Amino acid sequence: VTEPQPVLLVVDDDLGIVRLIDRFARTLGFEVVTAACGQEAMAKLESDKAAVALVDLRMPDADGLEVLRRIRAADPNCQVILMTGDGSIDTAIEAIKLGAMDYLGKPLEFERLKQLLSGARDHMETLASLDLPSGNQPDISDLPLRDARGVHTHLLSDVERDHITRVLRGTAGNKKAAAQLLGVSRRALYRKLDRLGLR
Amino acid sequence: MSDSRVFVHDMKNVLGIVIGYSNLLLDELPADDPHRADVDEIRKAGDAALELVDRWAAPVPEELK
């Protein structure tokens, strides 16, 4: 008997990106299901039991954060990764607070995505090997990836650091321009750089 | 969202596809495949275009205005 493949739900209205992720995730052993909008995503989640959902922050019918919130409420075992081409630090932090596994920039960082998907797959396999009676599966968010409130506390600063580093690279190190893109004052950006050890 | 931000967003998505498929091919092609160098050129051009878009999109600092 072959093991059923974990399902990755990709929610993005850009067909080109969806096809690329489909091609990539299949090489990692995922079955890929796609949805072009928030509403379709919820329907697919119900019919396909996704282990992981990769959600674009910007979609025609819904905000990705809202889709994240709805997926987490409907199926806490489904890990959600958000992706976006831009976005403020606040959005990145909000995503993690709402229970997202991580927040990826666009163009997609495939190495990072590979790590996340492999991690999620290993996690599913560990759960399956515990051989718990169905209906008695532990909520993945109870496992030590998160603290008691379901927040990846160790990741919050990582998310911030990655995000700021990415934006600074885009502005060729210009901090004033970076602060503008990040939606914070220049002074606040300097404080964050100090705190994250980036100065 | 302003027209220029929509343009940047869409342009990054398109370039992401060019770079993404190049990376997939480079991962999968055997080390001695004669096409590797060509695919690598496509990826490098994609990376360079992405950098241009980022530079174009960055706000112009006051001191340079």
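The values are calculated or read from the model by the stated rules, or taken from the named source; none is laboratory data. As the structure is a computational prediction, the values presented were derived from the model and not from experiment. Cβ atoms come from the backbone with ideal geometry, glycine included; neighbour counts cover every protein chain shown.
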- request: Check whether at least one residue in region A:130-149 is surrounded by 15 or more Cβ atoms within 10 Å (Cβ to Cβ), at pLDDT 80 or above and aliphatic (A, V, I, L, M), and report yes or no.
  value: no
field: Single unsatisfied condition, residue A:53 versus (1) within 17 Å of residue A:122 (Cα to Cα); (2) of a type in the set (A, V, I, L, M); (3) within 14 Å of chain B (Cβ to nearest Cβ)
entry: (3)
query: Take the residues of region A:157-199 that are at the interface with chain B (Cβ under 10 Å from one of its Cβ atoms) and assigned to a loop (DSSP other than H, G, I, E, B): which is surrounded by the most Cβ atoms within 10 Å (Cβ to Cβ)?
result: A:171
Pairs, first more than 14 Å from every other protein chain (Cβ to nearest Cβ) in region B:11-39, second outside any helix (DSSP H, G or I), C-beta under 6 Å, six or more apart: B:36/B:29
message: Could you tell me how many of the residues in region B:35-58 are out of contact with any Leu (no Cβ under 9 Å at 6 or more places or on another chain) and at pLDDT below 95?
response: 5
- request: Exactly one condition in (1) at pLDDT below 90; (2) not in a loop (DSSP other than H, G, I, E, B) is not met by residue B:21; state its number.
  value: (1)
Single residue of region A:16-30 satisfying the filter (within 10 Å of another protein chain (Cβ to nearest Cβ) and not β-branched (Val, Ile, Thr)) that is surrounded by the most Cβ atoms within 10 Å (Cβ to Cβ): A:20
- line: Restricting attention to region A:12-52, the residues that are outside any helix (DSSP H, G or I) and among the charged types (D, E, K, R) number exactly 5
- request: Can you give me the number of residues within region A:1-11 that are assigned to a loop (DSSP other than H, G, I, E, B) and either farther than 23 Å from residue A:129 by Cβ or not hydrophobic (A, V, I, L, M, F, W, C) (or both)?
  value: 5
